[in-house]
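Colleague: The structure is given below, and queries will be raised subsequently.
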Amino acid sequence: MSIAPRPAVHRRWLEPARIGAMSPLGGIVAYGLLGLWAAFVLFPLYWVVVTSLKLPVDVNTGPYFLPWVDFVPNLHAWRGLLVDDAGPTFRAYLNSIIIAFSSTVLCVLIGSMAAYALARIEYRPRLVSILIFVLALVGACVAVGVAGIDWRVATAVALALFVLLARALGRRFPGAVHNGDILFWIISQRILPPVVTIIPIYMMFQSVRLLDTHLALILAYTVVNLPIVVWLMYDFFTKIPIDLEESAQLDGASRFLIFFDIVLPLARPGLAATTLLVLILAWNEYVLALFLSTSRAQTMPILVAAMNAGEKGILWWTMSVVIIIMILPVILMALILQRFIARGVLLGAVKG
Amino acid sequence: MRNRTLAGGLLGGAAIAVALAVATPVRADKPYDGVTINLLTRPGPVIAGRLEERGREFTEMTGAKVEVATVPFADLFQKVLTDWSTGTNSIDVSVLSSGWVVELYDAGLLADLSDFVAKDDKLKVDDIAPYFREFNQKVDGKTVAITVDGDFQMMYYRTDVLGELGMAPPRTWDDYLAIAKAAHGKDMNGDGEPDYGSCMFKKRNAQGYYAIMSLAAQFVQSKGTSQGIFFNTDDMTPMVNNEAWAKAFEIYKATTEFGPPDELNHDIGDTRALVLAGRCAMALDWGDIGPLSIDETSSKIKDKVGAVIMPGTTRVLDWETGKLVDCTAEICPHAIDGVNHAPFAAFGGWTGVINAKADPKVIEATYAFLSYMNQPEQSNIDVTIGWTGYNPYRISQFENVEPWVEAGFSREFAENYLKAIGDSLNSPNMAGDLRIPGTQRYQGIVLDRELARMLAGEVTIEQALQNIHEGWEEITEEFGREEQLKLYRASLGLGAS
Amino acid sequence: MAVPQPAARPSRVEVTASLASAAPLARGEWLDRHARWLFIAPAVVMILIFSIFPLVASLLIAFSRVRLRAGTYSMTFVGFGNFEKQLVGSEQVHFLGQLTAFSPPAWVVVIAVAALLLWWLVGYARTQLTVIGLLGRLVTAAMLMALTLMLAATLLSGGQIGTLGVTLFYVFVGCAVQFLIGLGLALLCSQITRGRAFFRVVFFLPLMITPIGIGYIFRMMADTGKGPFATLWQWAGLGGFSWSADPWAARLIIVVADSWQWIPFIFVVLLAALESVPRDLVEAGEVDGASSWQIFREITWPEIAPVAATVMLIRVIEAFKLVDLPNIMTAGGPGTATESLTLHAFFAWRSLDLGQAAAVSYLLLFVTVVLCVSFFNLVVLRRRAAMAR
């Protein structure tokens, strides 16, 4: 580099000072664009914060932007929600925390195990077995739904039939599905909109008497978010070089040991990002929460929706407060997980 | 489910408590000690807030604990119906829209309260305005619901704006359009910006269809509540594809010209905010504007607003020909000065209904609580307070000005407001909301969608009415014409045809 | 690890002793031997339990008319009645749109698309033909053709589009915009050295808010009467114009809100992928004097493409289910202009018309599955294969 010709003045702006860095002009443009987007992201949130400090009359005759300058800030909405209505608010808050965190842990654990298995082990379940299985279960569902047979009896009969038929027919039809098909089947579980499955799910939980409990929502959220975990983690696992695992295997380590001690730590950035995403989805879910809870397990999103007082208008000020207190724990989690994501970046650099 | 066992345990406790109560006269004044009433309604403070407060008083008096749970308004009906029809029964009583009562009754889910009402002398049932007593609370002659809030629409106008224009409050919809036109674009709240002649909520899937029904009722119904505004009471033919509804659609569309530019996206909350901010010369609304307008934290129109019975018409529908004809004493027996008014009980108000499958003791305690809410001693105060969301439904509530003045109304406005309420509630031509199975589909899907499409210019008025006619016929066929006819007649207080 | 085989037949005492000491090891071994099933079983079993019954039950509902009654429900089998109503019956205008005779531009588009699809199929048949592959491509082509015909008969010929068309607009326009902006931001963010953590957290914020909350926030933002941009709106001379009364403006505002919510998701995942691109590869490219575009196209993009494909698949699936934003911001108005398919199903469901709700949902499922399977097989798998190679 030392023998390079003296740069012309304009090149100082366009050429990076060193390899891997940006040119000064590029830096300005990049920061400018990023700043612009940050403003686009932050402004609505700013508006929510100031709205939470407004009296109804300030909201209705607005727009007013600056507290103390445009309008006199007032804590009535905060007081209303956190003092006058403290009981229901904190109950919902606690419910949300218990449900979102438990389901996230469960979901990430189960989901990343499955993702790892799909990334590393080849599965070839027989097509005909799957077909028989589905038909047996469909038969059971029809028997329960239409003929009114007890669901336990129907399930037992269906499973017995499946085992018998699968053994008998399995050898004759060798067609099988692959990991890719299993993967797609898993993601396809998210395609159907919840409005159509909610009534059957409600009836399922009702028949095992779990309605309005934390467990019901934890299970439901775990299942609906599993596909996301499996998919994202699958991509992260396939990126980890297989050599480490192979040498561990040669040393006699079991699959479980390899998974928990070697693979998971390596996948930490992806794991952190996935955890955060799943946590957010569970934290914010509405339709399932509405149906599976009545009063004791009600979560925060219901409180947000409740601030649309129907024919009496929307309580913008209180809704803003709910949105703000809902986002705080998630920001906290994001900051904590951010450190893992960042550390992962370092790790990647070392590895590279 | 733990809830039930808990309630069961409490009931056992209650049985012991009752036994003790017999033995020890000290406890005799708390008849429902240990009973827990699980109540589901929409979120407060509106409606739910007062139920909670009165619930605490009730616990003090009777020992029964009132647990108020809430779900968002739009999901309330689904939730109650699912809970009761699948046998979950975690809810004993729900305070919900009276429009849903007939459907719940038809599904066999409601406890019959007639005997309780007959024995209840504190309820002063004769004081309840006729529409609410005879139509809102009863189905098939049985009392299955207890009103806690009376809902019907009225017309509000700005006294100062109309005074400046030298115009009287509207008596007919032609008057309304004329006033809206004259007032539109004037500054009405002193901020230097032009304001609006007419504010109407027109958002889809919100309350827009209540406004159109309020309008249509004037032209369709002239012979009293039992005539109805939706179907022919002989064969369930929709009474919608005719000149009366066409006229209502025309007026509805015409008012858009004198409203805020984004009126199509305004639900009632947006409209009320505009009214209270002083930006509307006229608005159509339930009784709430009265108490809300005197609350100075949210209102800029204190003592500047007046109310009248919903504007009417001099031309009404001839049910035989589907054409509009001039009112005569025979055609419009209830006309006031030649103008036919049919104040529309939009939404019908909030009513309490009790789960038929609840424990008898709980039903008894729950009835006592609903009755407590409804009794004049309590409700006559509650209706004067804006935030409760309760509007008048008793005769004593609009005949006596004093509680309203005490609540902060100026005497002049209180008298004006109560006269409008009295005119509406006393009218034998009050129009009832639709209250049969599938109501949400007739109104919330078909009527609402076609109305929105007409406003957006996707279809013409004729096409929209034709689509509504066909859509309604399809729903009627689906539910069974005979069945629907029977219930429609029942909801209008008519016997079998 | 294999259990050491005893050389000679052991005495009874020895067997007991060795069994006792081997018990923990044996359990570990059992776990290890069945690891291939134990890893995947919890996920598969849970999904099966929670998907089969609801899926079958809702399919039954889609072919029935359901009414909830005291302690029970009544179901009447109506065959394809619910689907007929949507596709050819009284709901057709709502679902498919106002079908009109083709206009000349519509003909041009239809013929062009048909020719393209044919060319694609023939090209495939000539090179690597398998029965399943051809069948799959035929289904994909048929679906694309059907959607094209629907759009040609409505949008391109001056008719109204129905909820299906609106949903496709949200999915294709929305996801394209989100992908481009999300990728752009991730690229920018991966270039800068300072403040990356700050931007990462800030850009992630919208995703943390409950979707219902976002609906309400944007309703406040887009309020031209008392929202924050009201003054600007009046100043621009748009005081008399309302986005909520104009179909395309309303759809656009929904896409803006949707993008605000979902760009963070694409951004974060793509940034993670970008950060794991080996630096030495990029630097080697720079030393060789490659332009930044060349580096992106030749080095970065192939590395992040599999993740990008996955992310877009997830995003597209969620976009097909868009419901909260139009429900809260416009309730589907003006008219039916912003009503998505899920909202369509949701309205039916709220009015207790469960059969129609299920039928609409299954039609949505059908379109989504065909499009997503095609995307998965033709894009995602190919990207992964390219990566593996």
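The values are calculated or read from the model by the stated rules, or taken from the named source; none is laboratory data. Model, not experiment: these values are computed from the prediction. Quick reminder, even Gly has a Cβ in these numbers, built from the backbone with ideal geometry, and neighbours come from all protein chains shown.
Colleague: Any residue at all in the stretch B:287-309 that's touching a Lys or Arg at 6+ places or on another chain (Cβ under 6 Å), more than 30 Å from A:Leu55 (Cβ to Cβ), modelled with pLDDT under 95 and assigned to a loop (DSSP other than H, G, I, E, B)?
Modeller: For the stretch B:287-309, residues touching a Lys or Arg at 6+ places or on another chain (Cβ under 6 Å), more than 30 Å from A:Leu55 (Cβ to Cβ), modelled with pLDDT under 95 and assigned to a loop (DSSP other than H, G, I, E, B): absent.
Colleague: Here's a follow-up. Residues that are within 13 Å of chain B (Cβ to nearest Cβ), under 30 Å from A:Leu288 (Cα atoms) and either touching a residue at least 40 places away in the same chain (Cβ under 8 Å) or aromatic (Phe, Trp, Tyr) (or both): does the stretch C:200-213 have at least one?
Modeller: Within the stretch C:200-213, one or more residues are within 13 Å of chain B (Cβ to nearest Cβ), under 30 Å from A:Leu288 (Cα atoms) and either touching a residue at least 40 places away in the same chain (Cβ under 8 Å) or aromatic (Phe, Trp, Tyr) (or both).
Colleague: Same structure, new question: Go through the stretch C:330-340 residue by residue and tally those that are surrounded by 24 or more Cβ atoms within 10 Å (Cβ to Cβ) and at the interface with another protein chain (Cβ under 8 Å from one of its Cβ atoms).
Modeller: 7
Colleague: Quick check: is even one residue across the stretch C:342-361 facing another protein chain (nearest Cβ under 10 Å), buried (at least 20 other Cβ atoms within 10 Å of the Cβ), among the acidic types (Asp, Glu) and within 17 Å of the chain's Cα centre (by Cα)?
Modeller: No - not one qualifying residue is present in the stretch C:342-361.
Colleague: If you scan the stretch B:342-390, which residues turn out to be more than 27 Å from B:Asp106 (Cβ to Cβ) and part of a helix (DSSP H, G or I)?
Modeller: B:Tyr372, B:Pro376, B:Glu377, B:Gln378, B:Ser379, B:Asn380, B:Ile381, B:Asp382, B:Gly386, B:Trp387, B:Thr388
Colleague: Name the residue, out of A:Ala248, A:Ala289, that is surrounded by fewer than 24 Cβ atoms within 10 Å (Cβ to Cβ) and in the same structural domain as A:Ile327 (by TED's automatic domain parsing).
Modeller: Answer to the selection: A:Ala248.
Colleague: For the stretch B:391-404, give me each residue that is in a helix (DSSP H, G or I) and either under 17 Å from B:Ser424 (Cβ atoms) or at pLDDT 90 or above (or both).
Modeller: Of everything in the stretch B:391-404, those that are in a helix (DSSP H, G or I) and either under 17 Å from B:Ser424 (Cβ atoms) or at pLDDT 90 or above (or both) turn out to be B:Ile395, B:Ser396, B:Gln397, B:Phe398, B:Glu399, B:Trp404.
Colleague: If the requirement is being more than 22 Å from B:Pro130 (Cα to Cα) and crowded, with 21+ Cβ neighbours inside 10 Å, which of these qualifies: B:Arg453, B:Arg481?
Modeller: Among B:Arg453, B:Arg481, only B:Arg453 is more than 22 Å from B:Pro130 (Cα to Cα) and crowded, with 21+ Cβ neighbours inside 10 Å.
Colleague: Does B:Thr476 fit the bill of being closer than 26 Å to B:Trp286 by Cβ, within 14 Å of chain C (Cβ to nearest Cβ) and β-branched (Val, Ile, Thr)? Break it down into steps so the answer makes sense when it comes.
Modeller: Values: closer than 26 Å to B:Trp286 by Cβ: no; within 14 Å of chain C (Cβ to nearest Cβ): yes; β-branched (Val, Ile, Thr): yes.
When the stated conditions are applied, B:Thr476 does not pass them.
Colleague: Can I ask one more? How many of the residues in the stretch C:348-389 are in a helix (DSSP H, G or I), without any contact (Cβ under 8 Å) to a residue 24 or more places away in the chain and not hydrophobic (A, V, I, L, M, F, W, C)?
Modeller: 2
Colleague: Might you let me know whether the stretch A:156-178 holds any residue that is of a type in the set (Lys, Arg) and within 31 Å of the chain's Cα centre (by Cα)?
Modeller: No, every residue in the stretch A:156-178 fails to be of a type in the set (Lys, Arg) and within 31 Å of the chain's Cα centre (by Cα).
Colleague: Then there's this: Suppose we keep only residues that are more than 14 Å from chain B (Cβ to nearest Cβ) and under 18 Å from C:Ala230 (Cα atoms) within the stretch A:50-66. Which one would you say is surrounded by the fewest Cβ atoms within 10 Å (Cβ to Cβ)?
Modeller: Ranking the candidates gives A:Leu66 first.
Colleague: Are there any pairs with C-beta distances below 7 angstrom linking a residue in the stretch C:82-95 that is touching a residue at least 40 places away in the same chain (Cβ under 8 Å) to a residue that is small (Gly, Ala, Ser) and surrounded by 15 or more Cβ atoms within 10 Å (Cβ to Cβ), with the two at least 6 apart or on different chains, and if so which?
Modeller: If the second residue must be small (Gly, Ala, Ser) and surrounded by 15 or more Cβ atoms within 10 Å (Cβ to Cβ), the pairs left are C:Asn82/C:Ala62; C:Asn82/C:Gly355; C:Asn82/C:Ala359; C:Phe83/C:Ala359; C:Gln86/C:Ala359; C:Val93/C:Gly162; C:His94/C:Gly162; C:Phe95/C:Gly162.
Colleague: If you take the residues of the stretch B:267-284 that are in a helix (DSSP H, G or I) and within 8 Å of another protein chain (Cβ to nearest Cβ), which of them is nearest to C:Ala222 (Cα to Cα)? Full working, then the answer.
Modeller: Taking the stretch B:267-284 first, the residues in a helix (DSSP H, G or I) are B:268-276.
With within 8 Å of another protein chain (Cβ to nearest Cβ) added as a condition, the list becomes B:268-270, B:272-274, B:276.
Working: B:Ile268: 17, B:Gly269: 16, B:Asp270: 13, B:Arg272: 18, B:Ala273: 16, B:Leu274: 16, B:Leu276: 21 Å.
So, considering only residues that are in a helix (DSSP H, G or I) and within 8 Å of another protein chain (Cβ to nearest Cβ), the one nearest to C:Ala222 (Cα to Cα) is B:Asp270.
Colleague: Let me ask something else. Among the residues of the stretch B:239-266, which ones are of a type outside the set (S, T, N, Q), within 14 Å of another protein chain (Cβ to nearest Cβ) and surrounded by fewer than 22 Cβ atoms within 10 Å (Cβ to Cβ)?
Modeller: Selection gives B:Lys253, B:Glu257, B:Pro261, B:Asp262.
Condition check ((1) at pLDDT 85 or above; (2) under 18 Å from C:Ala348 (Cα atoms); (3) surrounded by 14 or more Cβ atoms within 10 Å (Cβ to Cβ)) across all residues:
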residue: C:Pro24; (1), (2), (3): no, no, no
residue: C:Glu29; (1), (2), (3): no, no, yes
residue: C:Arg36; (1), (2), (3): no, no, yes
residue: C:Ala57; (1), (2), (3): no, yes, yes
residue: C:Val93; (1), (2), (3): yes, yes, yes
residue: C:Trp119; (1), (2), (3): yes, no, no
residue: C:Tyr124; (1), (2), (3): yes, no, yes
residue: C:Leu129; (1), (2), (3): no, no, no
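Colleague: Looking only at the stretch B:451-490, which residues are of a type in the set (A, V, I, L, M, F, W, C), assigned to a helix (DSSP H, G or I) and free of Cβ contacts under 8 Å to residues at least 40 places away in the same chain?
Modeller: Correct list: B:Ile475 only.
Colleague: Could I ask something else about it? Within the stretch B:434-453, take every residue that is out of contact with any helix residue (DSSP H, G or I) (no Cβ under 6 Å at 6 or more places or on another chain) and basic (Lys, Arg) and give me the one that is nearest to the other protein chains (Cβ to nearest Cβ).
Modeller: Residue satisfying both the conditions and the ranking: B:Arg453.
Colleague: In the same structural domain as A:Leu292 (by TED's automatic domain parsing), within 30 Å of A:Arg296 (Cβ to Cβ) and either without any contact (Cβ under 8 Å) to a residue 60 or more places away in the chain or not hydrophobic (A, V, I, L, M, F, W, C) (or both), is that true of A:Arg209? Spell out how you get there, then give the answer.
Modeller: Numbers: in the same structural domain as A:Leu292 (by TED's automatic domain parsing): yes; within 30 Å of A:Arg296 (Cβ to Cβ): yes; either without any contact (Cβ under 8 Å) to a residue 60 or more places away in the chain or not hydrophobic (A, V, I, L, M, F, W, C) (or both): yes.
Taking the combined requirement at face value, the residue satisfies it.
Colleague: Hey, another quick one. How about the stretch B:103-119: which of its residues are in contact with a Ser or Thr (Cβ under 7 Å, 6 or more places away or on another chain) and modelled with pLDDT of 90 or more? Quick ask: steps written out before the conclusion?
Modeller: Initially, the stretch B:103-119 is screened for residues in contact with a Ser or Thr (Cβ under 7 Å, 6 or more places away or on another chain), giving B:103, B:107, B:109, B:113-114, B:117.
Matches in the stretch B:103-119: B:Leu109, B:Leu113, B:Ser114, B:Val117.
Colleague: Can you tell me which residue in the stretch A:263-296 is farthest from A:Leu210 (Cα to Cα), limited to those that are β-branched (Val, Ile, Thr) and more than 14 Å from chain B (Cβ to nearest Cβ)?
Modeller: Top of the filtered list is A:Val263.
Colleague: Just checking, does the stretch C:141-163 include any residue being assigned to a helix (DSSP H, G or I), within 14 Å of chain A (Cβ to nearest Cβ) and either among the hydrophobic types (A, V, I, L, M, F, W, C) or closer than 20 Å to C:Leu364 by Cα (or both)?
Modeller: Within the stretch C:141-163, one or more residues are assigned to a helix (DSSP H, G or I), within 14 Å of chain A (Cβ to nearest Cβ) and either among the hydrophobic types (A, V, I, L, M, F, W, C) or closer than 20 Å to C:Leu364 by Cα (or both).
Colleague: Only one of these is more than 25 Å from A:Leu210 (Cα to Cα), of a type outside the set (Gly, Ala, Ser) and touching a Pro at 6+ places or on another chain (Cβ under 7 Å): A:Asp235, A:Asp243, A:Asp251. Name it.
Modeller: Exactly one of A:Asp235, A:Asp243, A:Asp251 is more than 25 Å from A:Leu210 (Cα to Cα), of a type outside the set (Gly, Ala, Ser) and touching a Pro at 6+ places or on another chain (Cβ under 7 Å), namely A:Asp235.
Colleague: Name the residues in the stretch C:138-148 that are surrounded by 18 or more Cβ atoms within 10 Å (Cβ to Cβ) and either closer than 21 Å to C:Phe102 by Cα or free of Cβ contacts under 8 Å to residues at least 24 places away in the same chain (or both), would you? Walk me through it before giving the result.
Modeller: Narrowing the stretch C:138-148 to residues surrounded by 18 or more Cβ atoms within 10 Å (Cβ to Cβ): C:140-141, C:144, C:148.
Listed by number, the residues that qualify are C:Ala141, C:Leu144, C:Thr148.
Colleague: Within the stretch A:242-262, which residues are in contact (Cβ under 8 Å) with a residue 60 or more places away in the chain and within 11 Å of chain C (Cβ to nearest Cβ)? Quick ask: steps written out before the conclusion?
Modeller: Residues of the stretch A:242-262 in contact (Cβ under 8 Å) with a residue 60 or more places away in the chain: A:242, A:245, A:259.
Result: A:Phe259, single match.
Colleague: Would you confirm whether any residue within the stretch A:297-312 is within 30 Å of B:Val275 (Cβ to Cβ), within 14 Å of chain B (Cβ to nearest Cβ), touching a residue at least 12 places away in the same chain (Cβ under 8 Å) and more than 22 Å from the chain's Cα centre (by Cα)?
Modeller: Yes, the conditions are met somewhere in the stretch A:297-312.
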